[in-house]
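To keep things clear, I will list the structure first and then write my remarks on it.
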Amino acid sequence: MNIIFELGKVSDIDELEQLYNDLNDHLAKGINYPGWIKGIYPIRQNAVEGIKNGNLYVAKHNGKIAGSVILSHEPVPAYHTVKWEFESDYSDVFVIYTFVVHPQFLKCGVGKALMDFSIEHSVKSHAKSIRLDVYEGNIPAIHLYEKCGFKYIDTVDLGLGNYGLNWFKLYEKLL
């Protein structure tokens, strides 16, 4: 599958919002591994902020957005409560957010390609590590992250218990 990666643009926002909605609809019909909820996360505002901040990347196949990822230097507060492999002020660490694959492209290698892109981009940007959190029940994502060389660090509460998401695993990949 030919996938092109590029920085997200304002003109991508409507398509990203549709991707988020399509994905949440798909998750609601089956096993909702990440525990996402349509209208709660991910939403249009996540795409708007990622594009405004210049850190949202899209994976396109034949001109259609097949997936997307946000690579940020801003951790959520719980990240400061654990001992990471590499201590940093986050200027040389990327945190993966809003890692999504359109339902039409699930099990086609888009997720792996997005992870590979995230790692390559981080290396080119001279980052020392990449971090992410994943809901403990999101077994497919956990398998992907571990396959890509991410190491389990700790399990934390991200304050999403109201949505039934009590524990998140933190992972890091040293570069």
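The values are calculated or read from the model by the stated rules, or taken from the named source; none is laboratory data. Note that the structure is a prediction, hence the values are computed from the model and not measured. A quick note on method: Cβ atoms are made from the backbone with ideal geometry, for glycine too, and the neighbour counts reach across all protein chains shown. Keep in mind that these areas ignore ligands, DNA and RNA; they rest on the heavy atoms of the full protein, side chains included. Shrake-Rupley method; radii C 1.70, N 1.55, O 1.52, S 1.80 Å.
Name the single residue, out of those in the stretch 10-35 being open to solvent by 20 Å² or more (accessible area, probe 1.4 Å) and of a type in the set (D, E, K, R), that is farthest from the chain's Cα centre (by Cα). The residue in question is 29. Of all residues in the stretch 152-175, those satisfying the criterion of being farther than 17 Å from residue 86 by Cβ and either in contact with a Cys (Cβ under 8 Å, 6 or more places away or on another chain) or not hydrophobic (A, V, I, L, M, F, W, C) (or both) are 155, 157, 159, 161, 162, 163, 164, 166, 169. Filtered by the rule that a residue be closer than 22 Å to residue 3 by Cβ, out of contact with any Cys (no Cβ under 8 Å at 6 or more places or on another chain), open to solvent by less than 30 Å² (accessible area, probe 1.4 Å) and not hydroxyl-bearing (Ser, Thr, Tyr), the stretch 113-133 gives 113, 114, 127, 130, 132. In summary, strands (runs of 3 or more DSSP E) completely within the stretch 79-165 and bearing 3 or more residues that are under 17 Å from residue 55 (Cβ atoms) occur at 93-101, 129-135.
Looking only at the stretch 12-30, which residues are of a type outside the set (D, E, K, R) and in contact with a His (Cβ under 7 Å, 6 or more places away or on another chain)? Listed by number, the residues that qualify are 19, 23.
Of the residues making up the stretch 65-76, at least one is modelled with pLDDT of 95 or more, open to solvent by 80 Å² or more (accessible area, probe 1.4 Å) and under 16 Å from the mean Cα position of the chain (by Cα).
Residues in the stretch 36-57 that are open to solvent by less than 40 Å² (accessible area, probe 1.4 Å) and part of a helix (DSSP H, G or I): 46, 47, 50, 51.
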